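The values are calculated or read from the model by the stated rules, or taken from the named source; none is laboratory data. Please read all numbers here as calculations on a predicted model, not as lab measurements. Here the Cβ positions follow ideal geometry from the backbone for every residue, glycine too, while neighbour counts run over all protein chains shown.
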Amino acid sequence: MSDTSDQGPILVFLGPTLRLAEAEAVLDAIYLQPVAQGDILLAAHAFHPRAMVLIDGQFEDRPAVRHKEILWAMAQGITVIGAASMGALRAAELSNFGMVGVGLIYRWYRRWRLAPDDAVAVHSGPAELGFPPLTDSLVDIQRTLSSLMRRGLIGAEERRLLTTIAREMNFRERSFDAVLRTGGWRDDEAKRLRNDIVRQKKRDALLALQCASDLAMQRESVRAPDSWVATNTFMRDLEAGGIDSNLVNTYKLNL
């Protein structure tokens, strides 16, 4: 029988949103690479956690984490928390089923269900270097432009123009500097404003880590799915990813 008691660890799926050293200073947890299909199932069996925090996720080289997989984890009594990036997306989509969302970005996606997924996406470096972000997310750029306008550093029309430019860029090329250059700003002006960029994804990730232990202790008040049924599609996806689908049935349900 798997241990999902208070003594189980907290797992955090983290990538470019927050540097590992910054995260470790906030929460004593087991830190794993950005979550992808099958990772929640494998991590549950490997670590027997009491909670999982989903921040970053993979979606290009590997299939994105499945909703069904998150529901499976919650059916085991594991508290699943989402924030900042892929975690905010999944938390907004599964909040009615018991996944816990944290932060402004989660609330944004929950309010506007059809908001673009790529608003939190960034292009990052390799795992060996800790997934350093190479671009800026649309969410961070939009928050930055709003802040600059409130402070009188740009006008409303400039904000609208720069926001449109950012939205039309591919996330692999989107950066605050590139948006300003495309909008006609000089390099020295762009460099000056670069120091003012708002890291909303980072803020939300830190908040989730700060709240994770308390949320894990309160998990009994969070409604877990009443039942969990494996669909044929889900099982085929696991097998296609080289994951033993029997793992779904060998984890003891915490009912």
Practice problem: Would you point out the residue of segment 178-207, among those that are under 30 Å from VAL26 (Cα atoms) and of a type in the set (Asp, Glu), that is nearest to the chain's Cα centre (by Cα)? | Solution: ASP204
Practice problem: Return yes or no: is ARG107 closer than 28 Å to ASN170 by Cα, among the charged types (D, E, K, R) and buried (at least 23 other Cβ atoms within 10 Å of the Cβ)? | Solution: no
Exercise. Exactly one condition in (1) at pLDDT 95 or above; (2) farther than 25 Å from GLY241 by Cβ is not met by PRO34; state its number.
Key: (2)
Practice problem: Give the number of residues within segment 149-162 that are in contact with a Leu (Cβ under 6 Å, 6 or more places away or on another chain) and in a helix (DSSP H, G or I). | Solution: 2
Quiz prompt | Considering residues of segment 232-255 that are over 17 Å from PRO63 (Cα atoms) and not in a helix (DSSP H, G or I) only, the residue modelled with the lowest pLDDT | solution = LEU255
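Being touching a Phe, Trp or Tyr at 6+ places or on another chain (Cβ under 8 Å) and within 21 Å of VAL65 (Cα to Cα): is that true of GLY125 here?
Criteria met by GLY125.
Quick one: would you say LEU94 is in a helix (DSSP H, G or I) and surrounded by fewer than 22 Cβ atoms within 10 Å (Cβ to Cβ)?
In short, yes.
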Self-check item: segment 140-177, residues that are touching an Asp or Glu at 6+ places or on another chain (Cβ under 9 Å) and either surrounded by 13 or more Cβ atoms within 10 Å (Cβ to Cβ) or assigned by TED's automatic domain parsing to the domain that holds GLY57 (or both)
Solution: THR144, LEU145, SER147, LEU148, MET149, LEU153, ALA166, PHE171, ARG174, SER175, PHE176, ASP177
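Does segment 194-209 include one or more residues that are surrounded by fewer than 12 Cβ atoms within 10 Å (Cβ to Cβ) and on the phi < 0 side of the Ramachandran plot?
The initial filter retains those residues of segment 194-209 that are surrounded by fewer than 12 Cβ atoms within 10 Å (Cβ to Cβ), namely 195.
Narrowing further to those that are on the phi < 0 side of the Ramachandran plot: 195.
Checked segment 194-209: at least one residue is surrounded by fewer than 12 Cβ atoms within 10 Å (Cβ to Cβ) and on the phi < 0 side of the Ramachandran plot.
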Practice problem: Could you please let me know if ALA73 is surrounded by 20 or more Cβ atoms within 10 Å (Cβ to Cβ) and more than 15 Å from the chain's Cα centre (by Cα)? | Solution: yes
Quiz item: Which condition breaks for MET86 when tested against (1) farther than 24 Å from GLN7 by Cα; (2) surrounded by fewer than 20 Cβ atoms within 10 Å (Cβ to Cβ)?
Solution: (2)
